[in-house]
1. Tell me the residue from 181, 215 that is assigned by TED's automatic domain parsing to the domain that holds residue 89 and under 27 Å from residue 125 (Cβ atoms), please.
2. Could you please find all residues in the stretch 52-84 being assigned to a loop (DSSP other than H, G, I, E, B) and surrounded by fewer than 19 Cβ atoms within 10 Å (Cβ to Cβ)?
3. Got a sec? Which of 205, 217 is within 18 Å of the chain's Cα centre (by Cα) and either part of a loop (DSSP other than H, G, I, E, B) or surrounded by fewer than 19 Cβ atoms within 10 Å (Cβ to Cβ) (or both)?
4. With (1) assigned by TED's automatic domain parsing to the domain that holds residue 104; (2) surrounded by fewer than 17 Cβ atoms within 10 Å (Cβ to Cβ); (3) modelled with pLDDT under 90 as the list, and residue 240 as the residue in question, which single condition is left unmet?
5. In the stretch 98-110, how many residues are crowded, with 16+ Cβ neighbours inside 10 Å and outside any strand (DSSP E or B)?
């Protein structure tokens with residue numbers, strides 16, 4: 001584990017003793033101009049106390065997303081990609097420019113296009129990070145349209161044991177168990193601030209200096225898993241990651257990927273394989289690795305079949 005020096009007071013911009021100023025918000029978009037416009041409206045509805053830069057990376061959309069941003073939000077820094085390279089590669093197009101700038105904002109946020117940001121939410125997260133110098137990443141309480149908690153907003157790393165509990169359904173059967181409910185921390189009160197292994201890339205605020213220190217998102221991950229991997233690396237450098245429910249953000253979860261259920265499902269399970277192979281396979285017995293790989297494949301097949309059956313039924317009902 002790479003540990004920061006004791007007493008290291010580097011701020012988000014990498015300087016010594018400088019105040020935390022400036023926020024860059026990076027929003028990735030692919031063919032969801034409707035969601036993107038609502039997200040941007042929510043950000044600009046109320047001003048932030050710190051200087052705000054909003055970046056939109058459009059992953060080769062064909063629905064006029066880039067044109068709508070240019071026409072309705074000329075203040076946005078728009079990056080138009082010629083290909084859909086996925087979540088990590090798309091966000092990195094903006095992150096590279098942000099961390100390279102000599103006057104880079106002190107904080108950088110990843111934000112999904114299927115979120116709505118209430119008044120004061122950005123300031124609340126910025127204030128928290130500014131007053132907790134040992135924290136490298138903070139995430140809000142993400143609330144789904146029905147008012148329930150988006151479980152992904154506070155997670156433990158999917159170690160072989162945690163993954164086993166989840167794949168066997170024990171986490172769903174015993175959500176209040178500290179042993180079986182570890183992945184989504186379902187045994188904890190959602191209203192309690194908690195140090196966690198990871199928050200979710202749908203809304204996570206980082207010190208820009210942490211990104212310089214740890215590196216960009218890993219582009220092996222096309223969709224899903226890259227936030228877990230980033231958090232794993234950030235914690236290796238000694239930074240704390242905190243779930244901060246005093247701030248809430250609305251999340252229309254998976255709205256951006258719901259049109260592509262098959263590819264999204266395959267990307268989800270491939271991300272599980274990549275994460276395990278990268279971080280745990282080398283220290284896990286071969287037989288257990290084989291069992292984990294088989295379990296991931298089985299869950300993937302079941303999920304794909306479930307997606308296909310309703311689609312087939314719908315076609316027959318036309």
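The values are calculated or read from the model by the stated rules, or taken from the named source; none is laboratory data. Keep in mind that what you see is a predicted model, and the values were worked out from it rather than measured. For neighbour counting, all protein chains shown are included, and Cβ atoms are generated from backbone atoms with ideal geometry for every residue, glycine included.
1. Values: 181 fails: assigned by TED's automatic domain parsing to the domain that holds residue 89.
Exactly one residue qualifies, and that residue is 215.
2. 60, 62, 63, 64, 73, 74, 75, 82, 83, 84
3. Values: 205 fails: either part of a loop (DSSP other than H, G, I, E, B) or surrounded by fewer than 19 Cβ atoms within 10 Å (Cβ to Cβ) (or both).
Answer to the check: 217.
4. With (1) assigned by TED's automatic domain parsing to the domain that holds residue 104; (2) surrounded by fewer than 17 Cβ atoms within 10 Å (Cβ to Cβ); (3) modelled with pLDDT under 90 applied to residue 240, the lone miss is (3).
5. 5
For (1) touching a helix residue (DSSP H, G or I) at 6+ places or on another chain (Cβ under 6 Å); (2) part of a helix (DSSP H, G or I); (3) over 24 Å from residue 283 (Cα atoms), each residue gets a yes or a no:
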| site | (1), (2), (3) |
| --- | --- |
| 122 | no, yes, yes |
| 128 | no, yes, yes |
| 136 | yes, no, yes |
| 145 | no, no, yes |
| 166 | no, yes, no |
| 176 | no, no, yes |
| 183 | yes, no, no |
| 189 | no, no, yes |
| 211 | yes, yes, yes |
